[in-house]
Structures are given as C-alpha cells and as structure tokens.
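Some notes on the structure that comes next.
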Amino acid sequence: MASYIGRRKFLATLGAAVARPLAARAEQQSAMPVIGLVRTTTPEDSAPLIAAFRQGLGESGFVEGRNVAIEYRYALNQIDRLPALMAELVKRGVTILAATGGTISARAAKAATTTVPIVFTTGDDPVRAGLVASLNRPGGNATGVSVYGARLGSKRLALLHEMVPSASPIAILVNPTNPDSEDEAKDIQDAAQGLGVQLFVVRASKADDLDSAFTTLAQHEARAVIIGGDTFFTSRRSQISLSAARRSLPTMWVTRIEVEAGGLMSYGANIPNVYRQAGVYAGQILKGAKPANLPVQLPIKFDLVINLQTAKALGLTVPDSLLARADEVIE
C-alpha cells in the first residue's frame, strides 16, 4: 500500500514538473504581442513584401513565432473588404495594426480604431490624406512610410517621353477606387502641357475591366501607357504587360516587379525597403515608442529600371542618356 501511494506521489510530482514548462510556454505564447498585418492583394503577391516587413522586425529584435506573432489578412484586391478585416483584428485585440497597400488601407485602419497603434504604407501625402497631423509629429495613433508615388507621375511621364519622344497620345491607366489615382493623373496631366503631349485617362478596378480598357486604348490610338500606382495593377502585371505587348505599347510602371514581368520601364521607390522600414517601426512601437512621436518616413532614393528585352521586342532603341541613369537594366 505504501509502495502504491509512493508511486502515485512520484507520478503526480512528475506530471507537475512536465506541466509547468507546458503551462509556462502556453502563458508565454498568450502574452506574445500580436501584429495584425493587412494586405490589399493576395498572399502570393504579398510574399516578398511580407518578407521585407519581417526583416525590419528582425532588425528591431523581433522574430515571428519567437517573441511576436503576426495575424495576416488579405483583401484579395477587393478593397471593400478592408473595413471588416481591420475591425476583426481590432476585436481580436492585436497590439499593432500594419495597414499596408495604400491610403485606402490606412484610412480603413484609422476608422477601425483610435487607440491601437497603426503603421501604414502609402503612396500619397499622409497629411493631406488625413492620416497624420504632420510628417515630423504625426500625433494620434498612426505613423508609417510614404513613397509619395502619386507625386512622381510627372517624372514618369518625362522619362517615358525621353524613351519614346514621338509617343502621343499617352494613356494613363488608373483605378478609380484608389483615392490617390486622381491626384496621380492630375500630376501627369499638368506635366504633359509643357511637353506638348496629349493624354487621356482610362479606368479599371477589376479584372473584367482590363479588356475593355485596352479596347479604349486602341480606339484612342494610344502610343504608350502609364500604369498608375495601385496594388490591383501590380497583381495583374503579367496580363497588362502581355496586352500592351500585343498592341506594341510601351509601358511605364511604378516598381521593378512590374518591369520584371514584361513592362518596359519603372520609376519609383524601392517598395521592399518601404516594407522593411514599416517593420522597423512596428518593432520600435513594440518596444514602447508612440506612433505620435515617430516621424513619417520618406524614401531618399528612387530607382529607374529598364527592360531591354521588352524594348527590343517593341523595336525601341534605349537612349544612352537613360541607360546612363538607370539603376537597373534587365537584359
């Protein structure tokens, strides 16, 4: 009998010893801060940018699964889903909202909470968009990184005009559901007057719109296309590049990834680095920094990328002046 009782005490002690580390691990996991990361596109399109975000977190001392958790949500290019995704994460009790993919995502996050810290990525002026009070002192619960993409339209037009001086009219493809699109189009239209280039705007916000958009381009006899900075167009970069190639249309894009998929050229900020900076900021907030005191980060360098294969297929000779200034030439 004594032996039986002793054996029971031994097993109970052993069980408690095993349970304590398990309970400690469970408690540690439940106490781990959680970042709710929202993307406007798909998991496939988001993968390299999420990797850059994690890199930034790592630079701040946080590793997913070790001392921080990340809850991912994807709008799958259906921006009307953004408010519900943000609200769900706020209800879930996330420590930080990472609202990536543009102004519309950041606004959805701001509408969902006034208390949870928000780190955004946007292409617009965040002050004018109502996201922050000022760039240096954002105030409120939001800060992040702006690439000022909508303000680079005039530069993209100038570079495209240098590549194809005879191209006119030039079309601007924009997503009407993107609040940055009209500013981007206006910036390009203002610059076109000085270059003597005729412009017209074509709008598309879903896959079914793209075929009719290219039909409109043909009807207006477009000679080149500037693709607006929008995650929807990025997700359809191969389709758009193929449609443009069939019609012998040079294309100007915002980032390298679209040129890699067959676009002619791009000019804009290094987007993976933007997401890395957003990850760094998320890490700083996890350490106790307040979004109100973290200045909005701006890019200090913009990259010009040219696809020589696409230029050759279009029968274009890239001017030496552009080759000399290109940050990358894809051969």
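Observations on the model:
- Rounded tilt (10° steps) of 207-219 against the dominant C-alpha axis of the chain: 10 degrees
- Spatially, segment 282-307 and segment 240-267 are offset by 27 Å when compared through their Cα centroids.
- Per residue, the convex hull spanned by the Cα atoms of the chain measures out at 163 cubic angstrom.
- Accessible heavy-atom area order of 137, 92, highest first, probe of 1.4 Å: 137, 92
- Evaluated over the Cα positions of segment 180-226, the convex hull gives a direction-averaged projected area, one quarter of its surface, of 3.5 nm².
- Packing around the peptides 243-251, 268-276, taken as the average count of other Cβ atoms within 10 Å per residue, puts them in this order, highest first: 268-276, 243-251.
- Tilt relative to the chain, helix 2-31 - C-alpha long axis, 0 to 90 degrees, to 10: 30 degrees
- When segment 37-120 is reduced to its Cα atoms, the Kirkwood hydrodynamic radius in Å: 12.9 Å
- Packing here is the average count of other Cβ atoms within 10 Å per residue, and on that basis the peptides 174-186, 301-313, highest first, run 174-186, 301-313.
- Fraction of accessible area attributable to carbon and sulfur, segment 102-252 (%, probe 1.4 Å): 47 percent
- Segment 118-171: Rg to Rh, with Rh as the Kirkwood radius over Cα pairs: 1.22
- Per-residue ellipticity at 222 nm computed for the chain from its helices equals -14500 deg cm²/dmol, with DSSP H segments shorter than 4 residues left out and the rest contributing -39,500 (n - 2.57).
- The GluC sites (Glu not before Pro) found in segment 220-328 that occupy coil by DSSP, while having at most 15 further C-beta atoms within 10 Å, are 221.
The values are calculated or read from the model by the stated rules, or taken from the named source; none is laboratory data. In this text the structure is predicted, and so the values were computed from the model without any measurement. Reconstructed Cβ throughout: ideal geometry from the backbone, glycine too, with neighbour counts over all protein chains shown. Keep in mind that these areas ignore ligands, DNA and RNA; they rest on the heavy atoms of the full protein, side chains included. Shrake-Rupley method; radii C 1.70, N 1.55, O 1.52, S 1.80 Å.
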